[in-house]
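Below you'll find the structure, written out as structure tokens, and then a few comments.
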Amino acid sequence: MKRILIILGIVFFTAEGYAQIGNRRRAHKALDEFRKETRRDFNEFRKKCMDDFISFVQNPWKEFENTPPVPMPKEDELPPVVIPKEDKDKPIEDKPVVIDDVVKPVPVPPQPKPVAPIEEVPIEEPRYIDFNLFGTTGRVRFDSSRRVRLQGVEEEQVADAFRQFTPEVYDNLLFDCLEIRTKMQLSDWAYLQFLKTITEKIAGGNNNDAAINFAYLYMQSGYRMRLAHDGNKLYVLFASEHYIYDKLSYTIDGKKYFGVYDLPNRLYISMASFPKEKSLSLLVPKVQRFAMNKGNLRSISSSAFPNVKFSVAVNKNLIDFYNTYPASMLNENFITKWAMYANTPMDGDVKAQAYPELKKLLDGCSQKDAVERLLNLVQTGFIYEYDDKVWGHDRAFFAEESLYYPYCDCEDRSILLTRLVRDLLGLKCILIYYPGHLASAIEFTQGDVKGDYIMLNNHKYIVADGTYINAPLGRTMPGMDNKTATVILLE
């Protein structure tokens, strides 16, 4: 009897097990079908978007005249001032600085993304093309022999070229490009440079082929672009949330478009657009992960606090990228440019070299004493020089550039100081713009720190000027007119 019950139990258990396996198989099959159906829906949607785009490309392109470049505002920079010893030793008292004009930080928009997810295409023996992006080498899957070629720049010829962009040939390339954008944390501007590098390699020196391939990849990545020609050459225009100085542009439907390459004064422009397209942002919200190519080791030290010093070798590949970064503004307010530089995070390798030593030197200091040391480090550890003399034009530095180049000015010092204070001490900072001069101010959360201060929403920011040499916290450089000043809030 016991044996019979055991056998019946085995049969029951086996039947139940098979039922569970069957249920799992049916569930997996249903999930696979759902995925296939979803993929089909995405592919059909992408195809429809592409078909609609091609239909618009075939419409007559409109003739446009350019909008002349707007030169970057030129200011007479104020020279640095060394505080007299008798002023330096004077007691510091609380003195409110009234500044009514405030520029708020601009939120970082999410990066554009494809109108539908890009799926990899299985290929038995994929071919690759190599790239070198600011010293960072890699490869992406693409068979250059199957690249789309442009036979001419007339509407129907361009439309015919876009009909040749098939997922079978281009989706792995597009997938790899987007993966690299994520892996290297490329900003929109860096991604544009990356696609230029890739498509120039694909086209093998043919400018029109490079333009049509760039346009497809850029558009499929989710970015807003327009096609244009001058009768002989195809151009790609990209829309930007920022106005770029000294660069010819075209205004289309109220938006500013700039050229991936230099533009002529008159163009025929297609009004064809792609769904969910977004304009490029020039903000750099994450560290750009370029391969390391260390520059010369540089030692920087404070005059008043000789033990406060550090050595650093900045990545030259990052400097090469920053050299391509265009001067710009947001919301037609040129003051916004400094927040763009100041809010860009410090490169991780620079932090790894400099921050542990600085943190050790600041350990045990009060907030006030720690900031005093960093302030004097910035005041006395760098050589001041005017941008016009060094560069021939105004140029703001990202924090790493001040650590790389031998000279810097007031705006560069303020950007670097606010980066160091936020990273090392976790204190909030603002920038103060006076015509011809940029300073900073810091909010303290411990102790009663006195000096010239600005009140913003019940928060007290003590002035810290990186160009008022040897001046302590709370001292405003002579000659600053607060009625003309603007506060720039930082992240």
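Using only alpha carbons, build the gyration tensor for the stretch 140-288 and give me the equivalent ellipsoid semi-axes, biggest first, whole Å. Let's see the in-between values first.
Numbers: eigenvalues 92, 92, 34 Å².
After diagonalising the Cα gyration tensor, the semi-axes are 21, 21, 13 Å.
Return the calculated 222 nm mean residue ellipticity for the chain, to the nearest 500 deg cm²/dmol, obtained by summing -39500 (n - 2.57) across DSSP H runs with n ≥ 4 and dividing by the residue count.
Numbers: 13 runs with 187 residues, N = 491.
Theoretical 222 nm ellipticity from helices: -12500 deg cm²/dmol.
Using the Kirkwood formula over every pair of different C-alpha atoms, what hydrodynamic radius in Å results for the stretch 208-324? Walk me through the numbers on the way to the answer.
On the way: mean 1/r = 0.0577 Å⁻¹.
One decimal place: 17.3 Å for the Kirkwood radius.
Any idea what the dipole of the stretch 356-491 comes to, in debye rounded to 20, about its Cα centre with Lys/Arg Cβ at +1 and Asp/Glu Cβ at -1?
Numbers: 14 positive and 20 negative charges, 88 e Å.
Charge dipole, the stretch 356-491, about its Cα centre: 420 debye, nearest 20.
Can you give the Rg and Dmax of the stretch 66-208 based on its C-alpha atoms, in angstrom?
In Å, with Rg to one decimal and Dmax whole: 25.7, 79.
Hey, can you rank 83-90, 302-309 by average C-beta count inside 10 Å, highest first?
Values: 83-90: 11.6, 302-309: 14.9.
Highest to lowest by the protection proxy: 302-309, 83-90.
Taking Cα pairs under 8 Å and at least six residues apart, what relative contact order does the chain come out at, in percent?
Values: 876 pairs, mean separation 91.3, N = 491.
Across the chain, relative contact order equals 19 percent.
Sort 74-80, 214-220, 312-318, 475-481 by packing, meaning the average of other beta carbons within 10 Å per residue, with the highest value first.
Working: 74-80: 14.3, 214-220: 24.4, 312-318: 21.3, 475-481: 16.0.
Top to bottom by mean Cβ count within 10 Å: 214-220, 312-318, 475-481, 74-80.
Report the far tail of the P(r) of the stretch 323-447, meaning the percent of Cα-Cα pairs longer than 23 Å. Don't skip to the answer; put the middle values down first.
Details: 2382 of 7750 pairs.
In whole percent, the long-distance tail amounts to 31.
Please give me, ordered by residue number, the chymotrypsin sites (Phe, Trp or Tyr not before Pro) of the stretch 336-414 that lie in loop per DSSP and have at most 14 other Cβ atoms within 10 Å.
Numbers: sites: TRP338, TYR341, PHE382, TYR384, TYR386, TRP391, PHE397, PHE398, TYR404, TYR407; in loops: PHE382, TYR386, TRP391, PHE397, PHE398.
When the chymotrypsin sites (Phe, Trp or Tyr not before Pro) of the stretch 336-414 are filtered for loop state and at most 14 Cβ neighbours within 10 Å, TYR386, TRP391 remain.
About the Cα centre of the stretch 29-160, how large is the charge dipole given +1 on each Lys and Arg Cβ and -1 on each Asp and Glu Cβ? Please answer in debye to the nearest 20.
Working: 22 positive and 29 negative charges, 146 e Å.
The calculated dipole for the stretch 29-160 is roughly 700 debye.
Report, as a whole number in µm² per second, the diffusion coefficient that Stokes-Einstein gives for the stretch 126-204 at 10 °C and 1.306 mPa s using the Kirkwood radius over alpha carbon pairs.
Numbers: Rh = 13.5 Å.
Value of D from the Cα-based Kirkwood radius: 118 µm²/s.
Once the cut-off is 44 Å, how many percent of the Cα-Cα pairs in the chain end up in the long-distance tail?
Values: 37526 of 120295 pairs.
Here the tail beyond 44 Å accounts for 31 percent of pairs.
Which value, in debye to the nearest 20, gives the size of the charge dipole of the chain about its Cα centre, when Lys and Arg are +1 and Asp and Glu are -1 at the Cβ? Mind showing how you got there, number by number?
Values: 63 positive and 67 negative charges, 419 e Å.
With Lys and Arg at +1 and Asp and Glu at -1, about 2020 debye.
If packing is taken as the average count of other Cβ atoms within 10 Å, what order do 446-456, 54-64 fall into, highest mean first? Write out the running numbers ahead of the final one.
Details: 446-456: 16.3, 54-64: 14.5.
Ranked by mean Cβ neighbours within 10 Å, highest first: 446-456, 54-64.
Quick note: the coordinates plus some simple rules give every number you see, no bench work behind them. Everything quoted here is computed from the prediction, not taken from an experiment. All Cβ positions, even for glycine, are placed from backbone atoms using ideal geometry, and neighbour counts span all protein chains on display.
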